[in-house]
Amino acid sequence: MSPAGDTAWKAVAMRRIGLDDHANVRHLHTRAMQAQAGDALSDGEMVSFMAFVGSAAYSDLLRGEEMHGAFVDGQLVGTASWLVSGDDGETARIASVFVHPMFARLGIGGRLLAEVEALACQAGFDQLGASATINAIPFFERYGYTEASRGVKAFGPDCWLPVAFLRKRLRRGARPGRGTPDLEGGE
């Protein structure tokens, strides 16, 4: 699918994720993580993530994010979300960027990322942050993010994963989009 206007690209519907979608979100996140981060995580880390996705705490996490999904023929094929960062209140955190393995590398992740970046921008944020498993760094770099550091992030009480912390700064008044034209130099 090409974002340039293919008929197939127009078949992707975007909408906000609701509570009724959470079972499908859990399934998607599990499938995507197994397929795309398996080499970046140990077996124990993967088991920990899968257990977290199945927990009530994961629903709490999802409800705290403004999550949007991409749907093809009514099937959820990707998600991305944003929320105000609890660290400083001045940065919007991009989270939950997952694409079903059958739909990977078709531009859906980039389209979802642009959607949630635009929503954060409309809410007045020009600083974006994300944490991503090591395998996802190239994806975020394609869209103007730079790696700030690496560390371990607690996703839940028993789920700690190695991640890269990434940042992107938008010019004031600029609309996020594909690539990096809205990026200011530096962080």
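The values are calculated or read from the model by the stated rules, or taken from the named source; none is laboratory data. This structure is a prediction, so every number in the text was calculated from the model and none was measured. In this analysis, Cβ positions are derived from the backbone assuming ideal geometry, glycine residues included, and neighbour counts consider all displayed protein chains.
Over 22 Å from PRO138 (Cβ atoms) and modelled with pLDDT of 95 or more - does that describe any residue in the stretch 82-94?
Within the stretch 82-94, not a single residue is over 22 Å from PRO138 (Cβ atoms) and modelled with pLDDT of 95 or more.
Is it true that ALA23 is touching a Gly at 6+ places or on another chain (Cβ under 6 Å) and more than 19 Å from VAL163 (Cα to Cα)?
no
Out of the stretch 115-153, which residues are in contact with a helix residue (DSSP H, G or I) (Cβ under 7 Å, 6 or more places away or on another chain) and under 20 Å from HIS68 (Cα atoms)?
Passing the criteria: LEU128, ALA130, ALA132, PHE139, TYR143.
In the stretch 77-123, how many are closer than 14 Å to HIS29 by Cα, of a type in the set (A, V, I, L, M, F, W, C) and buried (at least 19 other Cβ atoms within 10 Å of the Cβ)?
Final tally of qualifying residues: 7.
Of everything in the stretch 31-72, what is without any contact (Cβ under 8 Å) to a residue 24 or more places away in the chain, of a type in the set (Ser, Thr, Tyr) and surrounded by 13 or more Cβ atoms within 10 Å (Cβ to Cβ)? Give them in sequence order.
Scanning the stretch 31-72 gives no hits.
Report whether or not ARG175 is modelled with pLDDT under 90 and under 28 Å from VAL12 (Cα atoms).
yes
Would you check which residues across the stretch 141-169 are out of contact with any Pro (no Cβ under 9 Å at 6 or more places or on another chain), farther than 24 Å from SER59 by Cβ and either surrounded by fewer than 19 Cβ atoms within 10 Å (Cβ to Cβ) or touching a residue at least 40 places away in the same chain (Cβ under 8 Å) (or both) and list them? So that I can check it myself, show each step before the final result.
Of the stretch 141-169, the ones out of contact with any Pro (no Cβ under 9 Å at 6 or more places or on another chain) are 141-142, 145-149, 154-167, 169.
Cutting the leftovers down to farther than 24 Å from SER59 by Cβ gives us 141-142, 145-149, 162, 164-167, 169.
Result: GLU141, ARG142, THR146, GLU147, ALA148, SER149, PRO162, PHE165, ARG167, ARG169.
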